[in-house]
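Following: one structure in structure tokens, then a few remarks.
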Amino acid sequence: MIQAVRGTKDILPDTIDNWTYLEQIARQISEQFGYKEIRTPIFEKTEVFSRGVGEQTDIVNKEMYSFLDRGGESITLRPEMTASLVRAVIQSSIYQQQSITRLWYFGPFFRYERPQKGRLRQFHQYGAECISSPYPESDVEIIHLSTTFCKAIGIDDYTLLINSLGNDAARAKYRAELIEYLRTNKDRLSKESQVRMELNPLRVLDSKDEQDREIIKNAPVILDYLDEESREHFEAVLSLLDHLKIKYEINPRLVRGLDYYSHTVFELQHSSLGAQDSFGGGGRYNSLFNQLGGKETPAVGFAMGAERLLLILESIAKLPQVKEIADYYIVTADENYTKYAFEVAEKLRSIGKRAIFDLQRRSMKAQMREAGKLNIPFVLIIADEELKNSTLTLKNMSNGEQTQIPFDKITEHI
Ligand code: HAM
């Protein structure tokens, strides 16, 4: 038997309702905030991510699904949306047509990571990006959208962590200080952090190594290096969050694993997830448009992992109820009545009802049993007696009540 690729999962009919539910709420809440959906290709030229996400990130260094296509071009399955979306926005010039561009998305992404609970090689994200405002109110709109979505799907016991990485100047100053500090502790750092330290020192702050964490505890923190502009931006974000009563924890060591961030970064965590406790995150990325060849454009966004959202919903028993597959099951005496079953089904469907009937020429008893097993609320019976009177028997499966309805007036009696 051929198995699915490691780290990928089929979404089978028994869980598909969870997925349509998530997507439907994502659409509804995004639209309430004025966001329009965008869909981009699942693969891009590799440079979209190497330049966009950053050469020194884990994503680009070791997690991308990259290959040469038949024309010899390096192609990558998208590991995240922000870089692809910015590429699409620059290419279509939509950001030049209107002042603010608000976009949301839901779709599959690919990262070659070691699979474990809540970590897959093909996973799905819901996300949103707000383009063209440098102001703290757009950071807050994005955070507000993400927390409103959480509330709408019933997740409320999460932690919102927030930090500021400041503007480029503040970050450069901090980076130098951090390297200095890490160098003085180099011998005690893990091998991985020793390498990271020179290339991407901020990422050392994310290390899970025990000994590294001890050293990081005393490392300088970015918030002490924010200049006036950066501090004002951060304080305005926090004050608006306070006003909206959105609870947060400032975590001065939150840096996130993508290079494009400046100013606000944030993450959503839920204790039910264990090691992979972060189910969403985002932040401001003012230089990404430039890096991808567009004109300088401030922007901010977030993304959440759909698999992790579903794990949380499962752990708090808030997954949606599985929908039965039809409203009506049409039971016929035998195959001579199939033509009527087609007719009745068509009438029901024409008024928006979902109707099915047997295709295996089974007995009436077997058909009734199946309707019950599938939890279908109503059965319509067509047999000799019914046909003689030009009627159908409508049976309400929850209380067993039966009524006769005229064959040519079905839709009026439903
Ligand atoms: P990210 O933190 O890399 O950010 O991913 C966002 C979310 O995607 C994570 O919190 C997690 O729930 C989910 N995720 C990531 N990798 C996996 C995986 N291998 N398996 C399952 N779920 C995963 C971004 O992707 C940024 N583009 C967010 C953003 C948007 N920043 C600004 N705008």
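Only one of the listed residues (ARG361, ARG369, ARG349) is under 40 Å from the mean Cα position of the chain (by Cα), surrounded by fewer than 17 Cβ atoms within 10 Å (Cβ to Cβ) and farther than 13 Å from TYR328 by Cα. That residue is ARG369. Inside the stretch 296-315, residues that are under 25 Å from ARG51 (Cβ atoms) and either without any contact (Cβ under 8 Å) to a residue 40 or more places away in the chain or in contact with a Cys (Cβ under 6 Å, 6 or more places away or on another chain) (or both) make up a count of 2.
For the residues ILE376, ILE356, the requirement of being in a strand (DSSP E or B) and either under 36 Å from the mean Cα position of the chain (by Cα) or assigned by TED's automatic domain parsing to the domain that holds CYS150 (or both) singles out ILE356.
For the stretch 159-171, state whether one or more residues are at positive phi, crowded, with 21+ Cβ neighbours inside 10 Å and out of contact with any strand residue (DSSP E or B) (no Cβ under 6 Å at 6 or more places or on another chain).
Residues of the stretch 159-171 that are at positive phi, as a first pass: 166.
The next check asks that each one be crowded, with 21+ Cβ neighbours inside 10 Å; those that pass are 166.
Filter again for out of contact with any strand residue (DSSP E or B) (no Cβ under 6 Å at 6 or more places or on another chain), leaving 166.
Checked the stretch 159-171: at least one residue is at positive phi, crowded, with 21+ Cβ neighbours inside 10 Å and out of contact with any strand residue (DSSP E or B) (no Cβ under 6 Å at 6 or more places or on another chain).
Here LEU226, LEU199, LEU161 are screened, and the one residue that is out of contact with any Pro (no Cβ under 9 Å at 6 or more places or on another chain) and closer than 21 Å to LEU268 by Cβ is LEU161.
A Cβ distance below 6 Å, combined with a sequence gap of six or more or placement on separate chains, defines the contacts here; from the stretch 55-83, residues that are in the same structural domain as LEU288 (by TED's automatic domain parsing) reach residues that are aliphatic (A, V, I, L, M) and at pLDDT below 95 in the pairs GLN56/LEU199; THR57/LEU258; ILE59/VAL53; VAL60/VAL53; PRO79/ILE59; ALA83/VAL53.
Return the only residue of ARG213, ARG188, ARG196 being within 27 Å of ASP157 (Cα to Cα), outside the structural domain of PHE279 (by TED's automatic domain parsing) and away from the ligand (no atom under 16 Å from the Cβ). Let's see the steps before the verdict.
Values: ARG188 fails: within 27 Å of ASP157 (Cα to Cα); ARG196 fails: within 27 Å of ASP157 (Cα to Cα).
So the residue among ARG213, ARG188, ARG196 that is within 27 Å of ASP157 (Cα to Cα), outside the structural domain of PHE279 (by TED's automatic domain parsing) and away from the ligand (no atom under 16 Å from the Cβ) is ARG213.
Residues in the stretch 263-279 that are modelled with pLDDT under 95 and more than 17 Å from the chain's Cα centre (by Cα) were compared, and the one that is surrounded by the most Cβ atoms within 10 Å (Cβ to Cβ) is SER272.
Looking at the stretch 172-196, which of its residues are part of a helix (DSSP H, G or I) and either crowded, with 20+ Cβ neighbours inside 10 Å or among the small types (Gly, Ala, Ser) (or both)? Let's see the steps before the verdict.
We begin by selecting, within the stretch 172-196, every residue part of a helix (DSSP H, G or I); these are 172-184, 186-188, 191-196.
ALA172, TYR174, ALA176, LEU178, LEU182, SER193, ARG196 - these are the residues of the stretch 172-196 that are part of a helix (DSSP H, G or I) and either crowded, with 20+ Cβ neighbours inside 10 Å or among the small types (Gly, Ala, Ser) (or both).
Considering the conditions (1) modelled with pLDDT under 95; (2) farther than 20 Å from HIS124 by Cα, PRO13 is excluded by exactly one of them, (2). Taken over the stretch 111-165, the criterion of being acidic (Asp, Glu) and in contact (Cβ under 8 Å) with a residue 40 or more places away in the chain is satisfied by GLU113, GLU129, GLU137, ASP139, GLU141, ASP157. Does the stretch 378-387 contain any residue that is surrounded by 12 or more Cβ atoms within 10 Å (Cβ to Cβ), among the aromatic types (Phe, Trp, Tyr) and under 24 Å from LYS323 (Cα atoms)? Within the stretch 378-387 (the criterion being surrounded by 12 or more Cβ atoms within 10 Å (Cβ to Cβ), among the aromatic types (Phe, Trp, Tyr) and under 24 Å from LYS323 (Cα atoms)), the answer is yes, since at least one residue qualifies.
Can you say whether LEU202 is buried (at least 19 other Cβ atoms within 10 Å of the Cβ), in the same structural domain as PRO136 (by TED's automatic domain parsing) and touching a Leu at 6+ places or on another chain (Cβ under 9 Å), as far as the supplied structure shows?
When the stated conditions are applied, LEU202 does not pass them.
All but one of (1) in contact with a Lys or Arg (Cβ under 8 Å, 6 or more places away or on another chain); (2) not assigned by TED's automatic domain parsing to the domain that holds GLY118 hold for PHE289; which doesn't? Answer for PHE289: the failing condition is (2).
The values are calculated or read from the model by the stated rules, or taken from the named source; none is laboratory data. Bear in mind the structure is a predicted one, so any value in this text is a computation, not a measurement. Positions of Cβ are backbone-derived with ideal geometry, glycine not excepted, and every protein chain shown enters the neighbour counts.
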